[in-house]
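Q: One structure, as structure tokens, below. Some questions next.
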Amino acid sequence: MLSDEDLQRLLAEAAGSFAVPEPAVEVPQVGKPVWQRRWPQAAAAAAVLIVGTLLLAPGGLPAGSNDTAIKRVPGSIGDADGAGGLSSGAGTTGGTTGGTTGGVLAPVAGAPQPVEGFVTGPPGADTARVVKTGTLSLVVDEGKVASTVQRLQVLVSAVRGYVADSTSQESGDHPSASLTVRVPVESFDTVRNQVRALKVKVVAESANGKDITATYADTQAQIQSLKAARARYLTILGGARTISETLTVQQRVDEVQQQIDRLEGQRRVLADQSDYGTLTLTVAETADEVFATEAPSGWSKAWDDAKHGFSSGVQSLIAGSGRTLLVLLVGAFLLLLGRAGWRLARRRLV
Amino acid sequence: MEDLDDWLRRDYPTAYRTACLVLRDPVDAQDAVQEAFLRVWRFRDAIPEGEGRKAWLYRVVVNACVSRVRADQSRTGKDVGDALLGTVQDRAPQPDERAERSACAGAVLEALAELPETLRVPLVLRFYAGLSEKEIAVAIDRRPGTVKSRLYDARQRLAADPRLRAWAIPVDDQEAVL
């Protein structure tokens, strides 16, 4: 009969004949309590940073969620400083929600592009990301539309911005142009001030800011988490021995990679929107041309329609009255002529 | 709770060699242990604390080994049970492998190969992995009495195996015999 010691020695001898390979599976760290995991710490740190940034920002937390102003400005052509109640858009960076984002503009060929993977951008971008948009409606002297557009392009290029879209109407009685320019967000207000300093009349202006810091931070955190998961799956994949294991893990890797790609796209869009402000510039010789691009709605549209209908009706009446008067005059002349002829004929008969 | 990574680093060699003794094939053993570790990771929330932990972990390893053996049997069309012998014999070490192993190890492996799975698994768990009879009962999902019976049968068969008699005696006596 074999003793326990004999069996242990023999089995140890037999087992020792198998060389132990390095474990191909690296089991991730799991099972830690919540307070030892990294994501609550990261979330708490992000929350502290966001709240601290908002509290330390000039003016503190904004009363409204969004500062948007459009105001027609009195003044004459050549009013250099644009005085007269321009809305500066101050405080727009403190906005949190709402407002228009400006959308994603297709950059024109040759325009400088944000660097791939460029995340930080302007100073403070790690903690605050704001999408800035604005419009400026300009009226210039007759024949100065083209030259003003050229000056605007030079001004935008000087701050390393670019023209994302451009339309112009140079023929006809009222030439006009519209530019959509992207400028680095740190130069956004500078460009607006420089445009106002041109010898143009600013007839309308708007500025808008939307805080996307939370969205950006959330997207970035998701990407980092997914990249960590991908690394773990790749480690497991490296140790997979069977086809079924390989296919299963590879499928998970592909799924995670797709999620990373999708979120990276979102992050790049958010980074581009917050790295470059979008400014829409309208240039025309008359204010009517400038505001012709605006699309009123609601009560203002109804009132405008009523005014337009009334004036159109009066114009139609006046325009039609001349013809009617002419018909009446001709008719009266013919009537008098016929009456005179009738009287003359009756005398001859008598 | 002990970290899974620590357990992997500490018990991987023993788990791997346990699987080698059960399956007698290093590649299959490595697959089985990896599969077991993946299962452990997937169901990590179900790992019991305390003394039952080791038995639970080896139960996963044993199940992975048995699943692999039965998958091979289904592919080769052989029955489960004592017919395992034929399957195991198909996995007999190649000449170069045999040369690398000591004569003692070769004899033990050949003797183990002739044991049915139902006896080989508790024997390896008891005398190599160091599990108690109670832990083996948990690992193979049988009653402790069944474990004791199987261990007795396994020992009887090995004791009757002439290939192990020369290695069962003490070293001093062995030298005297030689």
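Q: Other chains' Cβ within 10 Å of B:10-21 residues: what's the mean?
A: Mean inter-chain Cβ contacts per residue within 10 Å come to 4.
Q: Now, a different point. Where nothing but the Cβ of Lys and Arg (+1) and of Asp and Glu (-1) is charged, how large is the charge dipole of the stretch A:213-350 around its Cα centre, in debye to the nearest 20?
A: 1540 debye
Q: Using mean Cβ contacts within 10 Å as the protection proxy, how do A:130-138, B:152-160 order, highest first? Don't skip to the end; give the middle numbers.
A: Details: A:130-138: 24.6, B:152-160: 17.1.
Most protected by this proxy first, the peptides run A:130-138, B:152-160.
Q: Taking the Cα atoms of the stretch A:157-303, report the difference between the largest and smallest coordinate on each principal axis, in whole Å and largest first.
A: Sorted from largest, the Cα extents of the stretch A:157-303 read 77, 37, 31 Å.
Q: Something else: Which of the peptides B:35-41, A:165-171 is most tightly packed, and how do the rest follow, judged by the mean count of other Cβ atoms within 10 Å per residue?
A: Output ranking for B:35-41, A:165-171: B:35-41, A:165-171.
Q: What is the mean number of Cβ atoms from other protein chains located within 10 Å of the Cβ atom of each residue in peptide B:147-153, rounded to a whole number?
A: So the per-residue partner count for this stretch is 0.
Q: When N is the residue count of the stretch A:160-214, what does its C-alpha Rg come to as a fraction of 2.2 N^0.38 Å?
A: Details: Rg = 14.2 Å, N = 55, 2.2 N^0.38 = 10.1 Å.
Computed over Cα atoms of the stretch A:160-214, the ratio equals 1.40.
Q: Right, next: Arrange the peptides A:316-325, A:215-224, B:58-67 so that the one whose residues have, on average, the most other Cβ atoms within 10 Å appears first. List each step's numbers first, then the result.
A: Numbers: A:316-325: 9.6, A:215-224: 17.4, B:58-67: 22.1.
Put in order of decreasing packing, that is B:58-67, A:215-224, A:316-325.
Q: Can you give the mean number of other chain Cβ atoms that lie within 10 Å of the Cβ atoms in peptide B:24-36?
A: 4
Q: May I pose another question? Can you list residues whose amide H is under 5 Å from A:S166's amide H, if they're 5+ apart or on another chain and H is modeled 1.01 Å from N?
A: The list, which skips near neighbours in sequence, is A:T180.
Q: Calculate the all-directions average of the projected area of the stretch A:218-350's alpha-carbon convex hull, and give it in nm². Show your work: numbers first, answer last.
A: On the way: hull surface 86.1 nm².
Over every viewing direction, the Cα hull of the stretch A:218-350 projects on average to 21.5 nm².
Q: Something else: Pulled fully out, how much extra length does the chain show between A:R347 and A:S311, if you take 0.36 nm times their separation in residues and subtract their Cα-Cα distance? Mind dumping the intermediate values first?
A: Details: separation 36, 0.36 × 36 = 12.96 nm, distance 5.37 nm.
Roughly 7.6 nm would be gained on extension.
Read-outs throughout are calculated quantities, based only on the coordinates presented, and are distinct from any laboratory measurement. The shown structure was predicted, so the numbers you read here are calculated from the model rather than taken from an experiment. No Cβ is skipped: glycine too gets one built from the backbone with ideal geometry, and neighbour counts run over all protein chains shown.
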